[in-house]
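Quick one: this structure, given as structure tokens, is what I'll be asking you about.
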Amino acid sequence: MEKCNRVSLRPQIVSAKVYEGMSEEERFQNVTLRPIIKLQHKLIIAIVDKYLSKEKNIYFALSDKYRPGYITDNFWQDFKMRNDLKGLVMGWFTLEEYLIYSKNESEYNKRMMSILKQRVLDSIDELEVHQEAKKHSAERERITRNFNS
């Protein structure tokens, strides 16, 4: 029952081909990792935004030209962010998927981080929108506090 529910919630990715003769690593990437990462897209963006914001908004002060490099550097250097993202994905594994993953963690972690990094890079505009929404929310809270004082 657990496997059916967990797997059935994942989106189908038409471009994620599965064919006879493909490596176990590629099959796991296309059948497990990519659908989970797509399912968790909004949460992934929120987590990355949190980590980019904690650095005194250095990211948001950078010009558009330097932002992709900053994100890439953070993916390989910020181990807490990496572990949070890895846990987010692994939390959606079935037991069978975890057993496959545990046989070759290093390879699957590389694939997972590469897909996550590319998804964030392809969604840079969403980081901007997320940041603007936070600014407006903080401004509303400040106005409400001043009004109620």
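Just so it is clear, none of the values below were taken in a lab; they were calculated from the coordinates. Bear in mind that the values here come from a model prediction, so they are computed numbers and not experimental data. No Cβ is skipped: glycine too gets one built from the backbone with ideal geometry, and neighbour counts run over all protein chains shown.
Name the residue from 28, 39, 14 whose Cα lies farthest towards the positive end of the charge dipole of the stretch 1-45, charges +1 on Cβ of Lys and Arg and -1 on Cβ of Asp and Glu.
In the stretch 1-45, that residue is 39.
On to the next question. Using label points projected 7 Å from each Cα along Cα→Cβ, tell me how many nm separate residue 80 and residue 103, to one decimal.
Those two pseudo-labels are separated by 3.6 nm.
Which of the residue pairs 50/117; 42/110; 80/117; 86/110 have a Cα-Cα distance greater than 18 Å in the structure shown?
Long pairs (Cα-Cα over 18 Å): 42/110.
Could you calculate the contour length gain from residue 96 to residue 24, that is, 0.36 nm times the residue separation minus the distance between their Cα atoms, to one decimal place in nm? The partial results should precede the final answer.
Values: separation 72, 0.36 × 72 = 25.92 nm, distance 1.33 nm.
Result: 24.6 nm gained on full extension.
State, to one decimal in nm, how far the label point of residue 16 lies from the label point of residue 53, with both points 7 Å from Cα in the Cβ direction.
2.9
Between residue 39 and residue 60, what's the calculated FRET efficiency when r is the beta-carbon distance and R0 is 25 Å? Round to 0.05. Don't skip to the end; give the middle numbers.
Values: r = 27 Å, r/R0 = 1.08.
It comes out at approximately 0.40.
Further question on the same structure: Only loop residues by DSSP count here, and only those with at most 16 other Cβ atoms within 10 Å; note down the chymotrypsin sites (Phe, Trp or Tyr not before Pro) in the stretch 9-106 that meet that.
Details: sites: 19, 28, 51, 59, 60, 66, 70, 75, 76, 79, 92, 93, 98, 101; in loops: 19, 66, 92, 93.
Here the chymotrypsin sites (Phe, Trp or Tyr not before Pro) that fit, given the DSSP loop and packing criteria, are 19, 66.
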